[in-house]
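Worksheet: the structure to be examined is printed underneath.
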Amino acid sequence: MARSLVSVTVFAVVVLLAPALCAPSLCMAQNGGGSAKGAVSLEVRPRAGDTVSVRLEQRVEMTGTRRIDGRDSTARVTSSMVMFARTIVESVTPANSIVATHTDSVRLETSDDHAQAMRADAIRALSGTVSRLRILPDGTGQSIDSAPGAQSATLVAVMPATLPDAPVAVGGRWTRKMPIPSTNAARGAGEVRAVFRLDSLTAGGRYAWISMKGSMRRDERAPVGGSGESAGAVTGSISGVMTLDRHRGWIVSALTDMTVRSTVTTPSAPAVPLKVTVRVIQKMHADDQD
């Protein structure tokens, strides 16, 4: 059971981060039927030379249930991460911004005794790394490193591609559709669909408060791990809130809550599937370093 849950961890990370690493296929700005009066631009446009101190917290809760001898056997694993990093804005053009993120420290904890070696490897791999990204005004992150790694994915998670490409008034909504890459082209890719809303503006319009709610789905079966395990259809939900500092052109806080459900089968017990639920809660806070 523990080994299966570790494999599912890898699978969950792929499912949840893949949409963030792909450019959104659709972005629509809507004003909820109202007029464009009072509409404002929501864009990531930092100033060259800015340095932002970032604290990223993530908690993953995994539950796996398998039917054995007529009874349900359930295992639970939790893990948490706290990362401290500095993001430096190297250059800015009307089209994009180039930023470098320096990971200063990482703390990882897990309740899975079998994952302690992986924990140590992950801390070593992340600590002290530097990754460079091209950030578009809508928040899309594009790695410009020769070999993008976990640190690049982390920054994209901190700065999700969630902003509209047209001005929006308070109460206005826009939709993002992002693909989950398919392992079987004949069956097509899955999709994450989220609806965002500009809830309010404060401090004279400086801070934009944005909420989000959506769902994810992939119907195809996909391999996980390297021991022959495979996961069935994926369903899930996602919700969150974020704050954009329009004066500094930066997302200064974000909270995302994702839940993913699937069924995993193993070669050793193909008739006894493991029902898996993975919940990921991520919090980000950024402070200026003037």
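The values are calculated or read from the model by the stated rules, or taken from the named source; none is laboratory data. A quick note: this is a predicted structure, and the numbers were derived from the prediction, not measured. Here the Cβ positions follow ideal geometry from the backbone for every residue, glycine too, while neighbour counts run over all protein chains shown.
Reported count of residues in segment 182-219, each being surrounded by 15 or more Cβ atoms within 10 Å (Cβ to Cβ) and modelled with pLDDT under 70, is 2.
The sole residue among Gly64, Gly70 that is buried (at least 17 other Cβ atoms within 10 Å of the Cβ), at pLDDT 50 or above and under 26 Å from Ser262 (Cα atoms) is Gly64.
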